[in-house]
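Novice: I am attaching a structure below and will ask some questions about it afterwards.
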Amino acid sequence: MSQNEHDSELGQAPEPQETDNPLMVELETLRNELDQLRAASLLERADLENQRKRVARDIEMARKFANERLLGDLLPVFDSLDAGLAAAGGEANPLREGLELTYKQLLKVAGDNGLTVLDPVGAPFNPEHHQAISQADAPGAAPGSVVQVFQKGYLLNDRLLRPALVVVARQD
């Protein structure tokens, strides 16, 4: 007696053999294809979302640093105004007042566009923002602190545009 006959005698329905029924084989194949398509769709969706985030980040960085070249080209102008103010002396006179006003206006416009001045006298030496050109004995100054600035440094939106050229107090 075969298994199917034996099952029918016991009142049980015979179990279909998947390999015997071409519809079941096709159904299983279609299910596998559907699962693969779903997985591919999820991967494509994730890839598109990552690409969208990357493009948004690139646009933000381009906007944030679009004026980097212009502000970089203005750094010698800041240096010249600093030198002019130093040469004008400490006395109030129309030339000094005009230079100060021009300097403040230029700094305000640059600051509104993300520029920050690094003038670190008295601050600890920071190799990420300062370039030490020498060391000096400086009584009363903390070892490793900046005692003199030869050239101010600048940050553009927290990214170094130019390091400050400094003299650092000698370590004991």
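The values are calculated or read from the model by the stated rules, or taken from the named source; none is laboratory data. Every value quoted in this text rests on a predicted model; they were computed, and no experiment measured them. No Cβ is skipped: glycine too gets one built from the backbone with ideal geometry, and neighbour counts run over all protein chains shown. Note: accessible area is taken over every heavy atom of the protein model, side chains too, but ligands, DNA and RNA are not part of it. Shrake-Rupley method; radii C 1.70, N 1.55, O 1.52, S 1.80 Å.
Novice: Within the stretch 88-110, restricting attention to residues that are open to solvent by 70 Å² or more (accessible area, probe 1.4 Å) and of a type in the set (Asp, Glu), which residue is modelled with the highest pLDDT?
Specialist: Here the residue is 97.
Novice: Which members of the stretch 18-63 meet the condition of being hydroxyl-bearing (Ser, Thr, Tyr) and open to solvent by 80 Å² or more (accessible area, probe 1.4 Å)?
Specialist: Listed by number, the list holds a single entry, 19.
Novice: Here are some residues: 50, 32. Which one is modelled with pLDDT of 90 or more, under 30 Å from residue 157 (Cα atoms) and either polar (S, T, N, Q) or assigned to a loop (DSSP other than H, G, I, E, B) (or both)?
Specialist: None of the other options fit; the residue is 50.
Novice: Go through (1) under 26 Å from the mean Cα position of the chain (by Cα); (2) part of a helix (DSSP H, G or I) one by one and return the number of the condition residue 103 breaks.
Specialist: Residue 103 satisfies every listed condition except (1).
Novice: A follow-up question, please. Find all pairs meeting these conditions: Cβ atoms under 7 angstrom apart; at least six residues apart or on different chains; first residue within the stretch 151-172 and among the aromatic types (Phe, Trp, Tyr); second residue in a strand (DSSP E or B).
Specialist: Filtered contacts from the stretch 151-172: 154/115; 154/116; 154/117; 154/118; 154/161; 154/162.
Novice: Here's something else I'd like to know. Could you list, in sequence order, the residues of the stretch 145-172 that are loosely packed, with under 15 Cβ neighbours inside 10 Å and farther than 26 Å from residue 73 by Cα?
Specialist: Once the filter is applied, which keeps residues that are loosely packed, with under 15 Cβ neighbours inside 10 Å and farther than 26 Å from residue 73 by Cα, the stretch 145-172 yields 170, 171, 172.
Novice: Next question. How many of the residues making up the stretch 92-126 are under 21 Å from residue 165 (Cα atoms) and among the polar types (S, T, N, Q)?
Specialist: So the answer is 2.
Novice: With small (Gly, Ala, Ser) and at positive phi as the only criterion, which of 72, 114, 84 stands out?
Specialist: After ruling out the rest, the residue left standing is 114.
Novice: Separate question: How many of the residues making up the stretch 64-87 are open to solvent by less than 50 Å² (accessible area, probe 1.4 Å) and assigned to a helix (DSSP H, G or I)?
Specialist: Result for the stretch 64-87: 10.
Novice: Could you list all residues from the stretch 111-144 that are outside any strand (DSSP E or B), closer than 24 Å to residue 64 by Cβ and open to solvent by less than 30 Å² (accessible area, probe 1.4 Å)?
Specialist: Matches in the stretch 111-144: 114, 120.
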